[in-house]
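The values are calculated or read from the model by the stated rules, or taken from the named source; none is laboratory data. Predicted, not measured: the structure shown is a model, and the values here were computed from it. Glycine gets a Cβ as well: all are built from the backbone with ideal geometry, and neighbour counts include every protein chain shown. For accessibility, only protein heavy atoms count, side chains too; no ligands or nucleic acids. Shrake-Rupley method; radii C 1.70, N 1.55, O 1.52, S 1.80 Å.
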Amino acid sequence: MQTTGPEKLPGIRHIIAVGSGKGGVGKSTVSVNLAFALQRMGYRIGLLDADVLGPSIPGMLGLTTDQPPGFDAGEMITPAERYGLKTISMGMLSGDDKPAILRGPMVSKFLKMFVGSVHWGQLDYLILDLPPGTGDTQLTLAQSVPLSGAIIVTTPQDVSLKIARRGLRMFQTVHTPILGIVENMSTFTCPHCGKGTDIFHGGGGERMSRELGIPFLGTIPLDPDIVTCGDQGQPLVLEKPNSFAAQVYGAIAAELDGRLQAQSTSALKQFTWTWETNAGAPAWAESAGRPSGSQTTAIGFRQRDARTLSVLWEDGQRQDFDVRDLRLNCRCALCRDEMSGLPLLDPKSVRADITPRTIVSVGNYAISIAWNDGHSTGIDTFKHLRALGASRAAGVAEDV
Ligand code: ADP
């Protein structure tokens, strides 16, 4: 079985980052089990342990850490192979899985080496298990690797969700599509009485994905077998393929795969549209999977007058946006508080003659506008834009 679409790196079709706002939410466990769930679908998988300072993948795969990887004739690193999955980890280079002590630039160097100088061969999916947080490593990877997208793992707790939100914004800022949110350690089902208990509350991940308009990929239960399998270096998806948790991992993998397949067969061609010249309208790539009449796919932009941008949607609707209103509605981390969602941008600071310079596509779900005041870090999802347009047409002045 092969995934479709152009390769992201030579030989690699899709590169997916698995991130989380903080440690201990089960991100590496999700990376490993997701990798094997995709493998069970017939795909060729690589797993890159991008947690250079605290690698945990060797332990979870039962790999010995005292055997540094070899080099092939072309001086490329040969990844380790375990259960048919290729993997590389700092734990293999440093000879143990104790945290490495490295300065930031060295971390970046190792990461680039792991992606560019490892002989991955032909892969359908390369999964990157990111370190927790939203720091240097995540930015280095998001900026230097052509990611298909990122998955955010969170527990249902509020505090974890708040932190996961920060992770989301980081990926949005560097224009990496968010493929979805996975809620981990949800309901615990008592093996004796069968009763479910939401130890860390429940449904937070789903709520967050609804609020942010991001896909929800699934809920993994709190399951002691997941811990045991991880500790023994035998991933649950392989060890207990019929367990409920393994089936959930399988469903998440299928959902993710479906999304990426749809993205590559019915992708909006990348476009850059220019305000001054009206040139560069988006056009859908020819494909059988093309959605028809979508309310949330822009098919054209026009400068209607000096202050108005018109957006034509695939369902034939046209919406007109006052460009300054659009600028004031920017939802990037510079313009809106990450935690409260309240505006940080002072309307008085936005010049009266603000206009877009260019509009660039972000994946097939959003645009990023470069403004003539130099601002360009915002991403407007089509969904948000459409809702904003509808509220303005209805005469509603507040933020959407
Ligand atoms: P992170 O990568 O976010 O730091 P890990 O994947 O290392 O987190 O997981 C932390 C701990 O939580 C590990 O002991 C792991 O076995 C356990 N764990 C992960 N997911 C689950 C789950 N769904 N149920 C029970 N324990 C889990």
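What tally of residues in the range 371-382 results from selecting those that are open to solvent by less than 20 Å² (accessible area, probe 1.4 Å) and part of a loop (DSSP other than H, G, I, E, B)?
1
Could you tell me whether the range 264-276 includes any residue that is modelled with pLDDT under 95 and either within 16 Å of the ligand (Cβ to nearest atom) or basic (Lys, Arg) (or both)?
yes
All but one of (1) surrounded by 21 or more Cβ atoms within 10 Å (Cβ to Cβ); (2) modelled with pLDDT of 80 or more hold for GLU239; which doesn't?
The number of the failed condition is (1).
Restricting attention to the range 63-75, which residues are touching a strand residue (DSSP E or B) at 6+ places or on another chain (Cβ under 7 Å) and surrounded by 15 or more Cβ atoms within 10 Å (Cβ to Cβ)?
Scanning the range 63-75 gives LEU63, PRO69.
So ARG210 passes all but one of these: (1) open to solvent by less than 60 Å² (accessible area, probe 1.4 Å); (2) within 24 Å of the chain's Cα centre (by Cα). Which condition number does it fail?
So ARG210 meets the others, but not (1).
Pairs under 7 Å by beta carbon, first residue free of Cβ contacts under 8 Å to residues at least 40 places away in the same chain in the range 218-237, partner near the ligand (Cβ under 7 Å from one of its atoms) and open to solvent by less than 20 Å² (accessible area, probe 1.4 Å), six or more apart or different chains?
Filtered contacts from the range 218-237: PRO221/ALA245; ASP223/ALA245; ASP225/ALA245.
Would you please name the residue that is nearest to the ligand (Cβ to nearest atom), looking only at residues in the range 128-144 that are open to solvent by 10 Å² or more (accessible area, probe 1.4 Å) and either part of a loop (DSSP other than H, G, I, E, B) or among the aromatic types (Phe, Trp, Tyr) (or both)?
PRO132
Scan the range 337-370 residue by residue and report those that are among the small types (Gly, Ala, Ser), open to solvent by 40 Å² or more (accessible area, probe 1.4 Å) and modelled with pLDDT of 80 or more.
SER349, ALA352
Within the range 25-55, count every residue that is within 16 Å of the ligand (Cβ to nearest atom) and touching a residue at least 60 places away in the same chain (Cβ under 8 Å).
Residues meeting the conditions: 21.
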